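Engineer: Below you'll find the structure I mean.
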Amino acid sequence: FSAARVWWMFRVFGHNKVWVLDGGLPRWRASGYDVESSASGDAILKASAASEAIEKIYQGQTVSPITFQTKFQPHLVWTLDQVKNNMEDQSHQHIDARSKARFDGTAPEPRKGIRSGHIPGSKCIPFPQMFDSSQTLLPAEELKKRFEQEDISLDKPIMASCGTGVTACILAMGLHRLGKTDVPVYDGSWTEWATQPDLPMEGDESSS
């Protein structure tokens, strides 16, 4: 599931031409495609996005270095203060990618010292609900149903969180497939929120 976080981070820094291999390596293998246990020179030449430059190097030609110019997209990253403000103005619908048990506070967080529960006003959509049984992203119509089942309107702004800002990116990716390309992720997510004793939370704290 970390591939979605990489996808999101590239987009945060202004690189929009990035894709995720749906189903990952397991689906690649199941589809009968070749895999290698190490990267040979030929494999790098074929697989690298910079294959043209690498080919020139192999041929002894000079290649001028290129610096990727980042363009930070702050609207895709939310801070703790923005989430606090959202509790008041409710500008965005807040969805949480963690399991229902962690969201409800009936299961402990995997990180020691983190309170159990969720940010007030958020709704739980566990990230596995974005996938089918083969671990590939659901078709758009099925994804839409998943969000509608939790009363999430695709016509209104949405922001996503999770435990550490990783699986929330899967929700953002699912929404991206539905045409919502501006969904921010709360980077600190529950781990940051729950370590602040003065911040409100909802759920059963008995397992914290």
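The values are calculated or read from the model by the stated rules, or taken from the named source; none is laboratory data. Everything numeric here is computed off the predicted structure, so don't read it as measured data. Here Cβ is always computed from backbone atoms with ideal geometry, including for glycine, and neighbour counts include all displayed protein chains.
Engineer: Being out of contact with any strand residue (DSSP E or B) (no Cβ under 6 Å at 6 or more places or on another chain), outside any helix (DSSP H, G or I) and crowded, with 19+ Cβ neighbours inside 10 Å narrows it down to one residue among Gly174, Gly179, Gly163; which is it? Spell out how you get there, then give the answer.
Structural biologist: Values: Gly174 fails: outside any helix (DSSP H, G or I); Gly179 fails: crowded, with 19+ Cβ neighbours inside 10 Å.
Being out of contact with any strand residue (DSSP E or B) (no Cβ under 6 Å at 6 or more places or on another chain), outside any helix (DSSP H, G or I) and crowded, with 19+ Cβ neighbours inside 10 Å holds for just one of Gly174, Gly179, Gly163, which is Gly163.
Engineer: Could you figure out which of (1) more than 21 Å from Asp198 (Cβ to Cβ); (2) crowded, with 17+ Cβ neighbours inside 10 Å; (3) not aromatic (Phe, Trp, Tyr) isn't true of Ile119?
Structural biologist: The one condition Ile119 does not meet is (1).
Engineer: Just the residues that are free of Cβ contacts under 8 Å to residues at least 24 places away in the same chain, assigned to a loop (DSSP other than H, G, I, E, B) and small (Gly, Ala, Ser), please, taken from the stretch 53-105.
Structural biologist: Selection gives Gly60, Ser64.
Engineer: While we're looking at this one, here's another question. Quick one: Arg115 ticks every box in (1) under 16 Å from Pro200 (Cα atoms); (2) at pLDDT 95 or above; (3) of a type outside the set (A, V, I, L, M, F, W, C) bar one, so which box is it?
Structural biologist: (2)
Engineer: Which of the following residues is small (Gly, Ala, Ser), exposed (fewer than 15 other Cβ atoms within 10 Å of the Cβ) and not assigned by TED's automatic domain parsing to the domain that holds Ser189: Ser64, Ser91, Ser133, Ser153?
Structural biologist: Numbers: Ser91 fails: not assigned by TED's automatic domain parsing to the domain that holds Ser189; Ser133 fails: not assigned by TED's automatic domain parsing to the domain that holds Ser189; Ser153 fails: not assigned by TED's automatic domain parsing to the domain that holds Ser189.
Within the list Ser64, Ser91, Ser133, Ser153, the selection yields Ser64.
Engineer: Now for a separate question. Out of Gly203, Gly174, Gly165, Gly188, which single residue is at positive phi, within 15 Å of the chain's Cα centre (by Cα) and touching a residue at least 24 places away in the same chain (Cβ under 8 Å)? Spell out the reasoning first.
Structural biologist: Numbers: Gly203 fails: within 15 Å of the chain's Cα centre (by Cα); Gly174 fails: at positive phi; Gly188 fails: at positive phi.
Going through Gly203, Gly174, Gly165, Gly188 in turn, the sole match is Gly165.
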